[in-house]
Amino acid sequence: MKNEERRAQEIFAELVNEFTDKKIVGFHSGNVRPKLKFEKSTREFGSCQRIYVGNDRYEFKVSINTYALQNEECVRNTLAHELVHTCDGCFNHGKQFKRVGYWVKRKMGIDVNTYGTAEEALKSGLRDHQINSAKYIVGCPTCNQRWYKQRMCKVVEYPQFFSCAKCRTPLVRVK
Ligand SMILES: [Zn+2]
Ligand SMILES: [Zn+2]
């Protein structure tokens, strides 16, 4: 395990304790799998998987994007966000999620709706990765806007049938 992964694992354990100590509503540490999952994603900083374990019970497995690991604030905010998803009635971003998120902010000073100051830098890091790893690129020949795709899809196959949202020019395949 790399250093940053070990650190993220530590932060996760600290957060689980903090959620318990501060009595965050609907949080049950016993439902959270203690081991973090590390994955590379171009879409999100973290995710939370819900696993049915029988007897009306669910367990939650939290993942963090390895691209988020360089910044501790981002790790903390991302993991706190995912832990809110494990609270009763919070598996979406609905009312209860917002309510619990508000208490996490009040009691722990973490805004679960942002990824901290590193957000922009990380987003651009993810963006670079998306650009470099794109299998297909479709573009607008007029305003030069680009769309990066990993999979074959309608717009990659028939770009001429789609037009640029900004300037209405039919698209072309770039890669
Ligand atoms: Zn979420
Ligand atoms: Zn355009």
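Values in this text are rule-based calculations from the coordinates and carry no lab data. Nothing here was measured: the structure is a model prediction, and the numbers come from that model. Every residue, glycine among them, receives a Cβ derived from its backbone with ideal geometry; neighbour counts consider all protein chains shown.
For LYS154, the lysines whose Cα falls under 20 Å of its own Cα, not counting residues fewer than eight places away in the same chain, are LYS135, LYS166, LYS175. For ILE110, the residues whose modelled amide H falls within less than 5 Å of its own, excluding neighbours fewer than 5 places apart on the same chain, are LYS105. Across region 145-161, computed HN-Hα scalar couplings (Karplus, 6.51 cos²θ - 1.76 cosθ + 1.60, θ = phi - 60°) run 4, 10, 10, 9, 10, 8, 10, 5, 8, 3, 6, 6, 6, 10, x, 5, 7 Hz from first to last residue, x flagging Gly and Pro.
Close amide H partners of SER41, meaning residues 5 or more places away or on another chain with modelled amide H under 5 Å apart, are THR66, TYR67.
Spread over its residues, the convex hull of the C-alpha atoms of region 134-173 is 53 Å³ per residue. For the chain, relative contact order (Cα pairs under 8 Å, six or more residues apart, normalised by length) works out to 16 percent. GNM on the chain, alpha-carbon springs under 10 angstrom: the most fluctuating residue among VAL112, VAL104, VAL53 is VAL53. Other residues lying with their Cβ under 9 Å from the Cβ of MET108 contribute a combined charge of +3, Lys and Arg counting +1, Asp and Glu -1. Its DSSP H runs of at least 4 residues, each contributing -39,500 (n - 2.57), put the calculated 222 nm mean residue ellipticity of the chain at -12000 deg cm²/dmol, to the nearest 500. For CYS164, the amide hydrogen comes within under 5 Å of the amide hydrogens of THR169, LEU171, counting only partners 5 or more places away or on other chains and with H modelled in the peptide plane. Every Cα-Cα pair of the chain was included, and the share exceeding 20 Å stands at 60 percent. For the options ASN77, ASN55, ASN113, a Gaussian network treatment of the chain with springs between C-alpha atoms closer than 10 Å singles out ASN55 as fluctuating the most.
Scalar couplings 3J(HN,Hα) for region 59-64, obtained by applying the Karplus form with A = 6.51, B = -1.76, C = 1.60 to θ = phi - 60°, are 10, 10, 10, 9, 10, 10 Hz; x denotes Gly and Pro. Springs join every pair of Cα atoms under 10 Å in this Gaussian network model of the chain, and among ASN71, ASN92, ASN144 the largest mean-square fluctuation is at ASN144.
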